[in-house]
Amino acid sequence: MNVGTAFLIALVSCLIVLCSYIFSGWYNPLVLGTVTGLIVGNPQLGLQIGAACALMDLGFYTYGGAVTPSYSMGAIFGTVVAANGGDYNQGILVGTVVAMLGSWFDIIQGFLAIPFNHMADKAAENNDIKGVERWHLLGMPLTIMSTNFIPIFLGLLVIDKYQIIMDFIDKYAWIEAGLNAVSCVLPAVGFALLLSYMDIKKYWWAMLVGYVMFAFLGMPTLGLAILGVCVAYVYCFKLRKEGTD
C-alpha cells in the first residue's frame with residue numbers, strides 16, 4: 001500500500017477514536033471497515049468485513065479491565081487485504097489475526113497513560129482544575145497516536161508481506177509472552193479498583209460468598225450476577241423496608 005493511503009486510513013481511524021469519546025459507539029468494526037472500504041474504493045467489501053468483525057466482537061467487553069481483541073483494527077486490515085487480493089475469506093483471516101495482535105496495543109496504551117494520570121492526580125490535590133484538564137487532554141491524543149496511528153500506519157505499509165509479520169512474531173515470542181502476562185494482571189487490577197469503591201468492611205461476607213461459589217463450586221459469572229441482583233433486591237426492598245417499619 002502506498003504511503004498516502006496508509007497515512008489517510010491511520011489518521012481517519014484516530015479521528016474516529018477521538019470522536020468516540022464524544023459520540024459513544026463510533027469506534028467499532030462496522031464503522032472502521034466501512035470507512036476503510038470507502039478509502040480503498042470498495043465500500044461494500046468494507047461493510048461486509050466490518051459486519052463480520054462486529055459479529056465476532058459482540059461477545060467481548062472490557063469488564064474489570066479485561067483485554068479483548070481489537071476487531072476494529074482487524075476490520076481495517078481485513079478490508080485492505082480483501083480489497084487488494086479480492087478474497088473475502090483471506091480478509092477475515094488476516095483481520096482476526098490482527099485483532100488478536102491489536103489487544104497488545106490496548107495494554108501498551110494503558111501503561112502510556114499512567115504518567116498523565118499521576119500528573120492529573122497531583123493537579124487535583126492542588127485544586128488545579130486547569131491542570132487536570134490539561135494533562136487529560138494532553139495524554140489522550142498522545143496515547144491514541146502512539147497505539148493506533150503508528151501501528152496502523154506502519155502495518156498498512158507492510159500488510160502485503162503479512163507472512164513476514166507472522167515470522168517476526170514467531171521469532172520474538174517473548175514479546176507476546178510478556179504482554180500476555182501483563183494482560184493477565186490487568187483484570188485483577190480492574191477488579192481491585194472496583195472493590196475500592198465498595199464498602200468491603202461492611203459487606204466482606206458477600207465478597208467471600210461470591211469467591212467461594214465461583215472458585216470452589218464452579219458457578220459461572222452470569223449465575224453469580226443473577227444471584228447478586230436477587231440478594232441486592234432482598235436487602236434493599238425487603239430487609240430495609242422491615243427495618244423502617
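Quick note: the coordinates plus some simple rules give every number you see, no bench work behind them. Note that the coordinates shown come from a computational prediction; the quantities given were computed from them, not determined experimentally. Cβ sites come from the backbone with ideal geometry, for glycine too, and all protein chains shown count toward neighbours.
Per-structure values
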read-out: Potential extension, Leu11-Ile108 segment - 0.36 nm per residue separation minus Cα distance; value: 33.0 nm
read-out: Net lengthening on full extension, Ser20/Leu38 (0.36 nm per residue, minus Cα-Cα); value: 4.5 nm
read-out: Pairwise centroid distance, computed over Cα atoms, of region 73-138 with region 1-52, Å; value: 14 Å
read-out: Residues Asp199, Asp87, sorted so that the one with the fewest Cβ neighbours within 10 Å comes first; value: Asp199, Asp87
read-out: Extension gain from Phe237 to Leu142, taking 0.36 nm per residue of separation minus the Cα-Cα distance; value: 29.5 nm
read-out: Cα-projected label distance for Leu154 with Asn127, points at 7 Å along beta-carbon direction, nm; value: 4.6 nm
read-out: Cα→Cβ-extended label distance, 7 Å offset, between Leu208 and His118, nm; value: 3.6 nm
read-out: Neighbour-count ranking [beta-carbon atoms within 10 angstrom, fewest first] of Leu157, Leu55; value: Leu55, Leu157
read-out: Per-peptide average of other Cβ atoms within 10 Å, ordering 97-108, 43-54 highest first; value: 43-54, 97-108
